[in-house]
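Each remark here refers to the structure printed beneath this line.
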Amino acid sequence: MLQPKIEDLCPNDFPEWEAFESHEPADPSDDYGWFHVRIGANDSAATNDFQVCVATPRACGRAKAAGSRPGIIVDRFDATSVRDAVFQRVESIEARDWEALVEELRTFMLWEYEGMSGA
């Protein structure tokens, strides 16, 4: 079986992960944000780009009102919680081939080719 492998995780609202790590939200139990995730398969060096909205339960309504669809829910919106949740969710997937992996990832993430295929 094929498994996805995260090659890079970067917050959209910060220039780099370290800036996100040092940021302290006003209320870490009530926040959300978008993240760029570069994902490949465990048997290949090729990657595709995905976007995922990560939110706390209290921030889900605000995220939805802003047009975002939270794909991963965390109890605390901090660098460690977000990183752990994204890695755990992505790396829990198994599929027979890359196309099936992408279909699974698309259930909670936006794919770089979203809307360009017949899928």
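The values are calculated or read from the model by the stated rules, or taken from the named source; none is laboratory data. This one's a predicted model, so the numbers in the text were calculated from it and none came from an experiment. Methodologically, a virtual Cβ is constructed for each residue, glycine included, from the backbone with ideal geometry; neighbour enumeration extends over all protein chains shown.
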Determine if the stretch 17-31 includes at least one residue that is assigned to a strand (DSSP E or B), at pLDDT 95 or above and of a type in the set (Ser, Thr, Tyr).
-> no
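Out of the residues in the stretch 44-70 meeting the condition of being of a type outside the set (A, V, I, L, M, F, W, C) and touching a helix residue (DSSP H, G or I) at 6+ places or on another chain (Cβ under 8 Å), tell me which one is nearest to Ser29 (Cα to Cα). Quick ask: steps written out before the conclusion?
Let us first name the residues in the stretch 44-70 that are of a type outside the set (A, V, I, L, M, F, W, C), namely 44, 47-49, 51, 56-58, 61-62, 64, 67-70.
Right, trim to touching a helix residue (DSSP H, G or I) at 6+ places or on another chain (Cβ under 8 Å) and you get 44, 48, 69-70.
Values: Ser44: 37, Asn48: 31, Arg69: 18, Pro70: 15 Å.
Result: Pro70.
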Subset of the stretch 40-99 (residues that are part of a helix (DSSP H, G or I), crowded, with 17+ Cβ neighbours inside 10 Å and modelled with pLDDT under 95) | none
Considering residues that are among the small types (Gly, Ala, Ser) and without any contact (Cβ under 8 Å) to a residue 40 or more places away in the chain, the number found within the stretch 26-49 is 4
Could you please find all residues in the stretch 83-105 being under 23 Å from Asp13 (Cβ atoms) and free of Cβ contacts under 8 Å to residues at least 60 places away in the same chain?
-> Asp84, Ala85, Gln88, Arg89
